[in-house]
Amino acid sequence: MSESRAFGVYVHWPFCLSKCPYCDFNSHVRHEGIDEARYIGAFASEIAATAERAPGREVSTIFFGGGTPSLMQPSTVQAILDTIAKHWTVARDVEVTLEANPTSVDATRFRGYRSAGVNRVSLGVQALDDTALKELGRLHSAREALDAVAVARSIFERYSFDLIYARPRQTPQAWAEELKRAIAEAAEHLSLYQLTIEPDTPFAALHKSGKLIIPDDDCGRDLYDVTQEICAKAGLPAYEVSNHARPGGECRHNLVYWRGHEYAGIGPGAHGRLDLAGVRQATATEKRPEAWLMRVESMGHGLVTDEALTREEQADEYLLMGLRLAEGIDPQRYAAIAGRTLDPKRISVLDEEGAIETMPDGRLRVTQSGFPVLDAVVADLAA
Ligand SMILES: C[S@@+](CC[C@H](N)C(=O)[O-])C[C@H]1O[C@@H](n2cnc3c(N)ncnc32)[C@H](O)[C@@H]1O
Ligand code: SF4
C-alpha cells in the first residue's frame, strides 16, 4: 500500500440514463444524445492544459467516475487514455477504474473497456432486492445486477460493487442476509454506503413530507455495526469509513485522495489538488456539461476555481481525509503541513473517550466506536 508519490487522474463523465432520486452527483440526463467526439476534443484540451501546469508526473491511477461512465463508447475511453499517456508518463502498474451501471447493455461494453486499458470496474449494484431497487429509482433488477457482476468477474481481475444500506424499513437482520449474499459475489473490494438524504433531491422532499422514513440513529448504528462485523469476518475489513477490501485490494485511486496526494480533475465539475512550486492548488471545473464544453473550447480548460490553500486549510483537509482511513494519519506530517502540532490535551480527552487511539508506530486513528461520530472527532482535533 505504499504510495509515496502517487498521482491520480480523475475523469468525470456527467451523464446518466435517468436521475436516481437520492443522488446529488453532477449527473444529467440528455434525451437528445451526446456528441462524444466533441467531448473527446474537450477532454484532450483539458488534459493538455493540466499537464502543462503539472508536468513530469507519473500517473499511478486513473478513475472514470460519474455520472455513468459505462455509457461512454470504449473508443472514447481509449481516446482519453491515449491523451493521458501522451502528456504524462503512465506507471507500468497503473490502476484504471471505470464506474459502471449494472445493466446488460453497459456490460456488453466491458470487453471494449478492457482492450482500451481499463483494469478495474466498480458497479453500482445498490441493493439485491427488487423492491428496494425500484424505490431507489434504479433501472436494473437484482438479477441483472448480479449478471453484470458475473460479466465483470469474467473480464476483469479487479472489480468492486456499491451497495446502499440503512434504506427505508431495512432491519439489521435483513441487511445481514443481503450483505452475506453480496459478499459471496464479491472479490477483493466492496463499497457500502449508508443512505444519505442529500439536500434538494426528490428523496429530501419525500423525507421532509414524512413519506420516506429512514432508520433512526440507533438503528443506523446497529446497521453500521452489523456491516463491520460481517465484513471483518469475511476478510473484507473497512480500510475507510464506507470501503472494505482484502489486504492489497484497496482502491488505490481513492487512497490518493484520503492520503492527501496529488490528483488532476478532468471533465465537468471535477475537483483537483495540484502541488505547484511548493503551493497546493485546489481546482474545480465548470459543472454544467454544455457550459464546460464551451469554456474549454474557448479557453482551453474548464477551471472556475483555482485557489492556493493556506497551511491551515491543507492541514484540516489532511485530518478530514486521513481520519476516514483505518490506517489514520501521521501526526508528524500534520505538524509539517500545519506548522504546529495537534493539541495533546484534545488527543488525550478523545483517547479517554475511546474515539481515537495512537498506534505503536505513532500514527493516530479513529477507533471503531469513534467512526460513527467521525465529523465531531475531526472538528474537535482541528479546532
Ligand atoms: C457515481 S455513483 C456510481 C456509478 C453509477 N452511476 C451507478 O449509480 O451505478 C457512486 C455511488 O454513490 C452512492 N450514492 C450516491 N448517492 C448516495 C446517497 N444519497 N446515499 C448513499 N449512497 C449514495 C451509490 O452507491 C453510487 O453507486
Ligand atoms: S446514482 Fe449513479 S446512475 Fe443514479 S443518478 Fe447518481 S450517478 Fe447517475
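Derivation of every value follows stated rules applied to the coordinates shown; laboratory data play no part. The structure presented is a predicted model; accordingly, all values stated were derived computationally and were not measured. In this analysis, Cβ positions are derived from the backbone assuming ideal geometry, glycine residues included, and neighbour counts consider all displayed protein chains.
Taking the highest mean first, how do the peptides 199-210, 243-254 order by number of other beta carbon atoms within 10 angstrom per residue? Please list the in-between numbers first.
On the way: 199-210: 13.1, 243-254: 19.7.
Averaged packing, sorted descending, gives the order 243-254, 199-210.
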Segment 238-330: chymotrypsin sites (Phe, Trp or Tyr not before Pro) in DSSP coil with no more than 15 other Cβ atoms inside 10 Å:
none
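In terms of the Cα gyration tensor, with a ≥ b ≥ c the square roots of its eigenvalues, is segment 243-290 rounded because a/c is under 1.5, prolate because a/b exceeds b/c, or oblate?
Judged from the Cα gyration tensor, segment 243-290 comes out oblate (a/c at least 1.5, b/c at or above a/b).
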Could you rank the peptides 66-76, 352-362, 306-316 by their average count of other C-beta atoms within 10 Å per residue, with the highest value first?
66-76, 306-316, 352-362
For ARG221 and ASP130, extending 7 Å from Cα along the Cα-Cβ vector and measuring point to point gives, in nm, a value of 3.7 nm
Projected area averaged over all directions for the convex hull of the alpha carbon atoms of the chain, nm², comes out at 18.9 nm²
If we sort 44-51, 119-126 on the protection proxy, mean other Cβ atoms within 10 Å, highest first, what's the order?
119-126, 44-51
Would you list which aspartates and glutamates come within 15 Å of LYS180, measuring only between C-alpha atoms, while excluding same-chain residues fewer than 8 positions from it?
ASP129, ASP162, GLU188, ASP225, GLU229
Going residue by residue through segment 272-287, the Karplus relation 6.51 cos²θ - 1.76 cosθ + 1.60 with θ = phi - 60° gives ³J(HN,Hα) values, rounded to whole Hz and with x marking Gly or Pro, of x, 9, 10, 9, 10, 6, x, 10, 8, 9, 9, 10, 8, 9, 3, 7
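How high is the FRET efficiency from THR89 to LEU17, r the C-beta distance, R0 30 Å, rounded to 0.05?
The computed FRET efficiency comes out at 0.25.
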Please compute the length gained on full extension between SER75 and SER369, using 0.36 nm multiplied by the number of residues separating them and subtracting their Cα-Cα distance.
101.2 nm
Set LYS19/LYS208; LYS134/LYS233; LYS134/LYS287 screened for pairs whose C-alpha atoms are more than 23 Å apart:
LYS134/LYS233; LYS134/LYS287
Expected vector for segment 189-194, Karplus 3J(HN,Hα) from phi with 6.51, -1.76, 1.60 and θ = phi - 60°, integer Hz, x for Gly and Pro, equals 8, 9, 10, 10, 9, 6
Residue separation between ALA277 and LEU309 times 0.36 nm, minus their alpha-carbon distance, gives in nm 10.2 nm
Applying 1/(1 + (r/R0)^6) with R0 = 41 Å to the Cβ-Cβ distance of ARG111 and GLN228, what FRET efficiency is obtained, to the nearest 0.05?
0.70
With equal scatterers on the alpha carbons only and no solvent term, can you work out the Debye log10 of I(q)/I(0) for segment 187-269 at 0.21, 0.26 1/Å?
-1.00, -1.14
Expressed as a whole-number percentage, the relative contact order of the chain with C-alpha contacts under 8 angstrom and at least six residues apart is 15 percent
